[in-house]
Amino acid sequence: MYQTPNKCPVCGETLTVTRLTCPACDTGIEGRFEFSRLERLAPEQRAFVEMFVRLDGKLNWVAHEMKISYPTVRARLDEVIRAMGYEVMETPPAEEKQRAAEQRQAILDALAAGKINSAEAIKQLQGV
C-alpha cells in the first residue's frame, strides 16, 4: 500500500483527508480530517522517527546505524521536533553527560585500536 501524500503536488499546501473507507465492509465516512503531527512529516523524517523508535530512542545507535555523526543525528531530531510544531529544548544535562562519556570512550577505543596516537587522543579528549 502507498503512503498517504500530505502535500499538494501542485501548490505544496497541506492536503486534507475527506473520505475514509473500511476495506472489509466498504463503509465510507466523509468529512474533513487532519493528519496527525507524525503524518505531516516528510517521508524521510518519518523514516528517521521509525528508526529512532526502533533503536530505543538511542541517538548514538541511530548514528551508528546511519553511519553519520552524533551531532548530525541530533540536528535531524531537532528538525523533526520543529517540523512537528514543537520547540527544541536545550540538551538536558544527563544527555549531554552521556554524550560526552560516549565520545571519550570512542576516542579511547580508537587509541587502543591504534587508529590514533596518544597526542591525537589527548587533543581530542581536551575538546570533549
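Identify, from the list R46, R40, R32, the residue that is under 18 Å from I81 (Cα atoms) and touching a strand residue (DSSP E or B) at 6+ places or on another chain (Cβ under 8 Å).
Just a single option satisfies the conditions, and that option is R40.
Assuming L59 fulfils every condition listed in (1) more than 30 Å from T14 (Cβ to Cβ); (2) touching a helix residue (DSSP H, G or I) at 6+ places or on another chain (Cβ under 6 Å) apart from one, which condition is it?
Condition (1) is where L59 drops out.
Restricting the search to the stretch 8-46, which residues are part of a loop (DSSP other than H, G, I, E, B) and either surrounded by 12 or more Cβ atoms within 10 Å (Cβ to Cβ) or in contact with a Lys or Arg (Cβ under 6 Å, 6 or more places away or on another chain) (or both)?
Matches in the stretch 8-46: L15, T16, F35, R37, L38, E39, R40, L41, A42.
Is it the case that some residue within the stretch 47-59 is modelled with pLDDT of 90 or more, among the charged types (D, E, K, R), surrounded by 11 or more Cβ atoms within 10 Å (Cβ to Cβ) and assigned to a loop (DSSP other than H, G, I, E, B)?
yes
Go through (1) touching a residue at least 12 places away in the same chain (Cβ under 8 Å); (2) in a loop (DSSP other than H, G, I, E, B); (3) surrounded by 13 or more Cβ atoms within 10 Å (Cβ to Cβ) one by one and return the number of the condition G85 breaks.
With respect to (1) touching a residue at least 12 places away in the same chain (Cβ under 8 Å); (2) in a loop (DSSP other than H, G, I, E, B); (3) surrounded by 13 or more Cβ atoms within 10 Å (Cβ to Cβ), G85 is out only on (3).
Could you tell me whether the stretch 60-75 includes any residue that is outside any helix (DSSP H, G or I), surrounded by fewer than 15 Cβ atoms within 10 Å (Cβ to Cβ) and of a type in the set (D, E)?
no
Over 30 Å from S36 (Cβ atoms) and among the aliphatic types (A, V, I, L, M): is that true of A119 in this structure?
So A119 fits the description; yes.
Is it true that R99 is of a type outside the set (A, V, I, L, M) and under 25 Å from E39 (Cα atoms)?
No: the conditions fail for R99.
Conditions (1) more than 12 Å from the chain's Cα centre (by Cα); (2) touching a residue at least 24 places away in the same chain (Cβ under 8 Å), marked per residue:
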{"position": "A42", "(1), (2)": "no, yes"}
{"position": "E50", "(1), (2)": "no, no"}
{"position": "H64", "(1), (2)": "yes, no"}
{"position": "K97", "(1), (2)": "yes, no"}
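Could you identify the single residue in E120, E90, E96, E102 that is surrounded by 13 or more Cβ atoms within 10 Å (Cβ to Cβ), farther than 25 Å from K7 by Cβ, at pLDDT below 90 and among the charged types (D, E, K, R)?
Exactly one of E120, E90, E96, E102 is surrounded by 13 or more Cβ atoms within 10 Å (Cβ to Cβ), farther than 25 Å from K7 by Cβ, at pLDDT below 90 and among the charged types (D, E, K, R), namely E102.
The values are calculated or read from the model by the stated rules, or taken from the named source; none is laboratory data. Since we're looking at a predicted model, the values are computed, not measured. Every residue, glycine as well, gets a Cβ built from its backbone with ideal geometry; the counts of neighbours run over all protein chains shown.
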